1. Have a look at Lys260, Lys231, Lys256 and point out the one that is at pLDDT below 95, open to solvent by 30 Å² or more (accessible area, probe 1.4 Å) and charged (D, E, K, R).
2. So which residues in region 1-54 are of a type in the set (S, T, N, Q) and assigned to a helix (DSSP H, G or I)?
3. Residue check: is Leu18 within 22 Å of Pro248 (Cβ to Cβ), over 22 Å from the mean Cα position of the chain (by Cα) and in contact (Cβ under 8 Å) with a residue 40 or more places away in the chain?
4. I'd like to check something: does region 214-223 contain any residue that is assigned to a helix (DSSP H, G or I) and farther than 19 Å from Asp109 by Cβ?
5. Specify the residue that is modelled with the lowest pLDDT; the eligible residues are those in region 115-136 that are in a loop (DSSP other than H, G, I, E, B) and buried (at least 18 other Cβ atoms within 10 Å of the Cβ).
6. Mind counting the residues in region 167-219 that are touching a His at 6+ places or on another chain (Cβ under 8 Å) and without any contact (Cβ under 8 Å) to a residue 24 or more places away in the chain?
7. Looking only at region 142-154, decide whether some residue is open to solvent by 30 Å² or more (accessible area, probe 1.4 Å), touching a Gly at 6+ places or on another chain (Cβ under 7 Å) and over 24 Å from Asp257 (Cα atoms).
8. Taking Asp184 as the residue in question, decide whether it is farther than 22 Å from Asp257 by Cβ, in contact with a strand residue (DSSP E or B) (Cβ under 8 Å, 6 or more places away or on another chain) and open to solvent by 20 Å² or more (accessible area, probe 1.4 Å).
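The values are calculated or read from the model by the stated rules, or taken from the named source; none is laboratory data. Just so it is clear, the model here is predicted, and its values are computed rather than measured. Note: ideal-geometry Cβ built from the backbone for every residue, glycine included; neighbour counts use all protein chains shown. Note: accessible area is taken over every heavy atom of the protein model, side chains too, but ligands, DNA and RNA are not part of it. Shrake-Rupley method; radii C 1.70, N 1.55, O 1.52, S 1.80 Å.
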Amino acid sequence: MPKIQYKEINFRSKSLDLIRLVNEVIGEYKAQGYELTLRQTYYQLVARGYIPNNERSYKNIGSLINDGRLAGLIDWCAIIDRTRNLRRNSHWEKPSDVIYSAKYSYLLDKWKDQPNYVEVWVEKDALVDVVGQACEPLDVPFFSCRGYTSQSEMWAAAQRFIRQGDRDQRIIIHLGDHDPSGIDMTRDIQERLDMFGADVIVKRVALTMEQINTYNPPPNPAKITDSRCGKYIAEFGNESWELDALEPKVITDLIKDQVKMYRDEDLYNAVCDREYQEKQELQMLVDHYDAAVGYLDMNF
């Protein structure tokens, strides 16, 4: 992956040591198949005791990573911005490529005949790729709330759940920060869906105090400017914790365990088997097309 130098920067030895630690964290998570945002990288450095947990420290590590990239010391592809992405059309070189692509994008709805309907909602857009890494292989829809969900999106969600009225249960697995607003968002989702007539169980699975005690993520001061702060402090004290501070694998494993609680394994595996067989049929189309083109090229 590219480490490209664009500027000559003279770092202090302390800064070089910290860049080395940043690269260690990046390498560790890359080996597990995860990409980190700046904030996730920051929290992993805090959790290891390399830097303090405060706003100044966060700004400093952001500046250091920026300079480290410009100096060719940190991989440009190693830390991603999940909120800003280029979107474009797909293209292919030849017709068989389209069929080959279809083989991988061809997916059966593995939850169509399941007794329950499940969605995963996460408070932060910056974590949607981590959530997606868990949800996509499970064929479960996932949604970034981006804070308090808009009224229009909440109404649309309610209509979506109402259409699933023949299921035994309709469940939202909700993940958010453990702070005054993050805790309240779970209540808000439940109450507004109830108001719109959707019979949904909103299950908060992160962050919880049990997880905080287990994984010991670095705390932040509770946001005293938040109107919900008084109630939060009375119940939990003066500290709050961000979901970003959990390791990505903890989040993905948590989602996988929760989702599997609500699915019928026999039904799920039967659809997976059928999907595999039908993908093999698509591969046969690719093989037949390539063989026909090869024959024409050789004989005409």
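1. Testing whether each residue is at pLDDT below 95, open to solvent by 30 Å² or more (accessible area, probe 1.4 Å) and charged (D, E, K, R) leaves just Lys231.
2. Ser13, Ser15, Asn23, Gln40, Thr41, Gln44
3. Numbers: within 22 Å of Pro248 (Cβ to Cβ): yes; over 22 Å from the mean Cα position of the chain (by Cα): yes; in contact (Cβ under 8 Å) with a residue 40 or more places away in the chain: yes.
So Leu18 fits the description; yes.
4. yes
5. Selected residue: Lys124.
6. 1
7. Scanning region 142-154 turns up no residue that is open to solvent by 30 Å² or more (accessible area, probe 1.4 Å), touching a Gly at 6+ places or on another chain (Cβ under 7 Å) and over 24 Å from Asp257 (Cα atoms).
8. no
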